[in-house]
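In what follows, a structure is listed as structure tokens, so that the remarks can point back to it.
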Amino acid sequence: MLDQQATFAQIGDLLERRRPGHSLPGAFYNDPAIFDFDLREIFGRSWLMVGFEVEVAAPGSYLALTIGRSPIVVWRGMDGVLRGFFNSCRHRGAQILPDGCGTAERMMCPYHQWMYDDHGALRGAGRMPRDFDKSEHGLKPIHVRTVAGTLYVCLADDAPDFTAFHDKVAPMLAPHDMLNAKVAAQATLVERGNWKLVMENARECYHCSARHPELSVSFPTDARGNFLSSERVNIQNFQERMEALGLPSAPVEGAWWQASRFALREGNASITLDGQPCVRKPMCAINGGDVGSMRWALEPHSFCHALGDFTFMFIALPVAPEETIVLAKWLVHKDAVEGVDYTVDDLVNVWNETNLQDRDLVETNQRGVNSLGYQPGPYSEISESLAIRFVDWYAAQVKAQIAAQLASPI
Ligand code: 3BY
Ligand code: FES
Ligand code: FE
């Protein structure tokens, strides 16, 4: 405890001395103690996007993935109710289901075959004493919520309030009909960089025109940091036009989330190699599927784009101080037939290329911030406003958690 308090005090002190509007002191990008802190206090307390409700549509279907060092599972019970659990056995802690999607009416631990039902209750535990109380050894629950077919979890006992995010964003996502969709492709990328470098990079388009030629065809890479104003596109007109079509579009945000519909470059209706839709059966058919991009993003780890023809999800999952997994998913209309209405190559092309290009940039950034010569540098207020928003949010979270922990009795 003393050690932990000393570490907290050091982290707090380092943050106190950071220069506003500048990248973080180097330790925030490579120090193991700060990484542990991030897993516990940031990823352990925030709402995190994990995928789409269609991945857990049928009774018994589950989605298992590892957040930091915590395997979790979102599981639809046989009664149709979605529940979430730590995917760790209550015997000696083994991970029960492997990461991925599947279907199970019960969950059996592969180690000593303890058996749990779809409510997380322990039903079978062989060779335990007569008075062993199974009811004391159910799976530990986590919070699960959905918003218009998108899926979120929070591992904390007390989750941050979800209401405003849900209520404001649900009507914006609803026209994209994500409950009548399917995951058409997924990609996992291992990046040799701290998760904050992954996210800072994901939160700015300062580098986009130079480094993302494919994305730059359709994406307003010249726009200001929040994509809401640009010399080329009159965003106000665009949003008014979209609202008139019944698509809520105006920017909304809370401390840990943001959402808005923004215009693609003139003449483009999707984020594809030629800027034209690549799925013949649209998810949102309004205006012929030409509806710009409905973007939503959560601190600490995600951004998504819902276009007329597909939806793209990007989430960052920290693995080690200098290693992060980027998990990407592409959603299309459930009736779109591969090879007839779309090809996976066309669907994934731009974001796959973009993610690979970003991986290089993140790894390049990591090598430089590890240098003895690294000194925090200034963000561009015009082009990196969302990166500033991300580090400010992070710093505020860290400070709040440190204050709470240092104040709590030992
Ligand atoms: O946050 C976003 O939506 C985008 C996607 C490309 C780069 N990044 C700023
Ligand atoms: Fe799961 Fe032993 S660790 S049954
Ligand atoms: Fe990028």
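Only the coordinates and a few stated rules stand behind these numbers; no lab work does. Since we're looking at a predicted model, the values are computed, not measured. Neighbour counts run over all protein chains shown; Cβ positions are idealised from the backbone, glycine included.
GluC sites (Glu not before Pro), restricted to region 355-410: which are DSSP loop and have at most 11 other Cβ atoms within 10 Å?
Answer by residue number: GLU381.
For region 246-376, give me the percentage of DSSP beta bridges that are antiparallel, rounded to the nearest 5 percent.
Looking only at bridges with both residues in region 246-376, the antiparallel portion is about 95 percent.
Report the one residue of ILE382, TRP114, GLN258 whose Cα lies farthest in the direction of the positive end of the charge dipole of the chain (charges on C-beta: Lys and Arg +1, Asp and Glu -1; origin at the Cα centre).
The listed residue farthest towards the positive side: TRP114.
If you place +1 on the Cβ of every Lys and Arg and -1 on the Cβ of every Asp and Glu, how big does the dipole about the Cα centre of region 163-321 come out, in debye to the nearest 20?
It works out to roughly 240 debye.
Using only DSSP helix segments of four residues or longer, with each worth -39500 (n - 2.57), what per-residue ellipticity at 222 nm results for the chain after dividing by its residue count and rounding to 500?
It lands at -8000 deg cm²/dmol.
What dipole magnitude, in Debye to the nearest 20, does the chain give about its Cα centre under +1 on Lys/Arg Cβ and -1 on Asp/Glu Cβ? Provide the component values of the computation, followed by the final result.
Values: 37 positive and 50 negative charges, 154 e Å.
About 740 debye.
With no solvent and one point per C-alpha, what does the Debye sum give as log10 I(q)/I(0) for region 266-408 at q = 0.10, 0.12, 0.14, 0.20 Å⁻¹?
Normalising to I(0) and taking log10 leaves -0.49, -0.67, -0.84, -1.30.
For the chain, go through all pairs of different Cα atoms, get the mean of 1/r, take its inverse, and jot down that Kirkwood value in Å.
About 22.5 Å, per the Kirkwood formula over Cα pairs.
Would you work out which of HIS22, ALA170, MET294 lies farthest towards the positive end of the dipole of the chain? Charges go on Cβ: Lys and Arg +1, Asp and Glu -1.
The one lying farthest along the dipole's positive direction is ALA170.
Counting alpha carbon pairs within less than 8 Å and at least 6 residues apart, what relative contact order, in whole percent, applies to region 108-174?
This gives 20 percent for region 108-174.
Could you check the simple spin-label distance between ASP158 and LEU179, using points 7 Å along Cα→Cβ, in nm with one decimal?
For the pair ASP158/LEU179, the computed spacing is 3.3 nm.
How much space per residue, in cubic angstrom, does the convex hull of the C-alpha atoms of region 48-179 take up?
In region 48-179, the Cα convex hull volume per residue is 108 Å³.
Contact order normalised by length for the chain, with contacts defined as Cα pairs under 8 Å and 6 or more residues apart; what percent is it?
Numbers: 826 pairs, mean separation 81.4, N = 410.
It comes to 20 percent, rounded to a whole number.
Compute, for region 5-60, the length of the dipole vector about the Cα centre, with Cβ point charges of +1 (Lys, Arg) and -1 (Asp, Glu) only. Units Debye, rounded to 20.
Taking the Cα centre of region 5-60 as origin, the dipole is about 260 debye.
Strictly over 31 Å apart at the Cα level, which of LYS168/LYS334; LYS134/LYS168; LYS182/LYS399 would you flag in this model?
Working: LYS168/LYS334 25 Å; LYS134/LYS168 41 Å; LYS182/LYS399 40 Å.
LYS134/LYS168; LYS182/LYS399, as the Cα separations exceed 31 Å there.
Relative contact order of region 276-410: what whole-number percent is it, with Cα pairs under 8 angstrom and at least 6 residues apart? Could the numbers behind the result be given before it?
On the way: 137 pairs, mean separation 24.1, N = 135.
Once divided by the residue count of region 276-410, the mean separation gives 18 percent.
Which of the listed residues, HIS137, ASN365, PRO220, is farthest toward the dipole's positive end in the chain, when Lys, Arg count +1 and Asp, Glu count -1 at the beta-carbon?
It is HIS137.
If a cysteine in the chain has no other Cys Cβ under 4.7 Å from its own Cβ, put it on the list, ordered by number.
When partners are defined as cysteine Cβ atoms under 4.7 Å apart, the chain leaves CYS101, CYS154, CYS278, CYS284, CYS304 without one.
Within region 193-298, list the trypsin sites (Lys or Arg not before Pro) lying in a DSSP loop whose Cβ has at most 16 other Cβ atoms in a 10 Å radius.
Working: sites: LYS196, ARG203, ARG211, ARG224, ARG232, ARG241, ARG261, ARG265, ARG280, ARG295; in loops: ARG203, ARG224, ARG232, ARG265, ARG280.
Of the trypsin sites (Lys or Arg not before Pro), the ones in loops of region 193-298 whose Cβ has at most 16 other Cβ atoms within 10 Å are ARG232, ARG280.
Just to confirm a number: summing +1 for Lys and Arg and -1 for Asp and Glu over residues other than ASP157 whose beta-carbon lies under 14 angstrom from that of ASP157, what do you get?
Result for the local shell: +1.
Can you name the helices of the chain, as whole DSSP H runs, whose Cα span along the helix axis is 18 Å or more and whose Kyte-Doolittle mean is not below 0.5?
Numbers: long enough: 2-16 (21 Å, 0.01); 344-369 (36 Å, -0.82); 385-407 (33 Å, 0.65).
Long hydrophobic helices here: 385-407.
Counting other Cβ atoms within 10 Å of each Cβ, which GluC sites (Glu not before Pro) in region 145-246 have at most 16 and sit in a DSSP loop?
Sparse-neighbourhood loop GluC sites (Glu not before Pro): GLU231.
Taking θ = phi - 60°, what integer Hz values does the Karplus form 6.51 cos²θ - 1.76 cosθ + 1.60 yield along region 152-158, in sequence order, with x for Gly and Pro?
3J(HN,Hα) across region 152-158, in whole Hz: 9, 10, 9, 8, 6, 4, 9.
So, counting K/R as plus one and D/E as minus one, what does the shell of residues with Cβ under 12 Å around ALA255 add up to?
After counting each charged neighbour, the total is -3.
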